[in-house]
Structures are given as C-alpha cells and as structure tokens.
Amino acid sequence: MTKLSEIRKDYSSKSLDINDINSDPIQQFRIWIDEAIDSEVPEVNAMCLSTMGLDGYPNGRIVLLKEVDEGFVFFTNYASEKGREIAAIPRGSLTFFWPELERQVRITGDLTKVSSAESDAYFLSRPTGSQIGAWASPQSTILGSREELSSRQKAFEEKFKVEELTRPSHWGGYRLLPFRLEFWQGRPSRLHDRISYQKNPDESWTINRLAP
C-alpha cells in the first residue's frame, strides 16, 4: 500500500504571470472556468463552500456554481445546515480545484440571498425529479431510513400531479459577493504561482503575487 507521505506530483503544465492577468478578478475567473470547460474538466462547476458552523467550527461541503455575475451563485435548502449557518453569519468562502489544469481558485466574501425571481427562474429550469426532490428532502435533518425519504418523494409526486409544481419557499439561491480572490497555478518544485486580488474601499482591486 502506498503511503500518503509518498504521494507526490510535480506541476509543470502552465504558469501565471501577474502582467498577463485581467485587472478584474471576476473576468479572470471567467477566463479560467472557460478554459476548464473547454478542457472538459469533470464537474467543472463543483466548489467547496465553507461557512462558519453554529458550534464555532468551520464547515465545508461541495455545491455547484450556477451563475457568475457580480458574484458567485448557488442554490440550496434555506433550512439546511448551511442555510442556518449563513443566516447566523452571512460570510463564506469558495474553493475550486481543477487538477487537470493544475489550478485552484479561492474566493472569500459575503453571502446574500438572490431575488425570489432569480430563484423561481432557476427552479423552473431544473428537471422535474430535482424539483420534487427540493420539496421531499428535509435537508440536514435525521432520517429513520431511506424508505422515509422515498415515501416523501412519492407523496409529493402524487401531490404535484394535480397541483402546479412551484418553488418551495424554503429553497433558493445565494450569491457570494467577493472581496478577496486568489488564483493558484501549480509549478515545479512546489514553487507555485499565487496571485491575489483584494477589494479596496473604492471598489478597485489591489493585485499582489504571494509566496507559495
């Protein structure tokens, strides 16, 4: 069995020069995620969302990025563990890792709910099964069995055979509005490229190279 301490990979496919990046970190992110999409990176929009747990410990999980505008948008159950954490402390961070491109992006910012209209529009674009799932799952609560969840699913399937299937009020989107971003490009000998953006009070961005 290979020891974890013996696993190594030398990164050498690309570099990141501070003189070549976009002055707007959102645009720089768009460039990178477009390259990841073009490279057919699996689950390219998967990101680790970290929030502050109600017990004082950080809490992370993988969610899916669904839109990039002035911020980064994802959708979830507002009554879930993450939803309760965001309600208490509306701050979070996102981490993307695209190993095929030897790249990582870290984003820190404030979290706010998207508008009801935005949540409605995205909900109605989802497959019917996913729409039913948003109603059926009491996310993050304890279940007695898988059958309990299946029973809830069947009940809502029957309900919405005769009623209009609309978005539940406990489900919708959040937008993370960033004030700090870091773009990481793997390089040989662990001397990686790290470029950071920090938002200033006047909404401009300060860009720096960080030591790896």
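Structure data summary
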read-out: Matching option when the condition is in contact with a Ser or Thr (Cβ under 8 Å, 6 or more places away or on another chain) and under 17 Å from E118 (Cβ atoms), among G92, G83, G60; value: G83
read-out: Filter result for the condition that a residue is without any contact (Cβ under 8 Å) to a residue 60 or more places away in the chain, among the hydrophobic types (A, V, I, L, M, F, W, C) and crowded, with 18+ Cβ neighbours inside 10 Å, over L111, L65, L94, L54; value: L65
read-out: Pair list, Cβ under 6 Å, 6 or more apart: the range 140-158 residue among the basic types (K, R), other residue at pLDDT 95 or above; value: R152/A136
read-out: Qualifying residues in the range 167-212 (those that are out of contact with any Lys or Arg (no Cβ under 9 Å at 6 or more places or on another chain) and of a type in the set (D, E, K, R)) - the one farthest from E67 (Cα to Cα); value: R190
read-out: Residues of the range 1-51 satisfying the condition of being under 20 Å from K199 (Cβ atoms), touching a residue at least 40 places away in the same chain (Cβ under 8 Å), surrounded by fewer than 17 Cβ atoms within 10 Å (Cβ to Cβ) and under 20 Å from the mean Cα position of the chain (by Cα); value: D24
read-out: Where a residue in the range 193-205 is in contact (Cβ under 8 Å) with a residue 12 or more places away in the chain and under 8 Å from F179 (Cα atoms) and its partner, wherever it lies, is in a strand (DSSP E or B) and among the hydroxyl-bearing types (S, T, Y), with Cβ under 6 Å and at least six apart; value: Q198/T206
read-out: Of all residues making up the range 171-212, the number that are surrounded by 20 or more Cβ atoms within 10 Å (Cβ to Cβ) and among the β-branched types (V, I, T); value: 1
read-out: Q153 surrounded by 12 or more Cβ atoms within 10 Å (Cβ to Cβ), over 24 Å from S115 (Cβ atoms), among the polar types (S, T, N, Q) and in contact with a His (Cβ under 8 Å, 6 or more places away or on another chain); value: no
read-out: Residue that is farthest from L176 (Cα to Cα) [pool: residues in the range 90-133 that are among the hydrophobic types (A, V, I, L, M, F, W, C) and more than 18 Å from the chain's Cα centre (by Cα)]; value: I132
read-out: Unmet criterion (only one of (1) within 14 Å of L176 (Cα to Cα); (2) touching a Phe, Trp or Tyr at 6+ places or on another chain (Cβ under 7 Å); (3) assigned to a strand (DSSP E or B)) for I86; value: (3)
read-out: Qualifying residue in the range 111-132 (condition: closer than 30 Å to G186 by Cα and not charged (D, E, K, R)); value: yes
read-out: All helices (runs of 4 or more DSSP H) inside the range 89-208 with 2 or more residues being farther than 23 Å from I62 by Cβ; value: 116-125, 146-162
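The values are calculated or read from the model by the stated rules, or taken from the named source; none is laboratory data. Quick caveat, the model's predicted, so the values are computed rather than measured. Methodologically, a virtual Cβ is constructed for each residue, glycine included, from the backbone with ideal geometry; neighbour enumeration extends over all protein chains shown.
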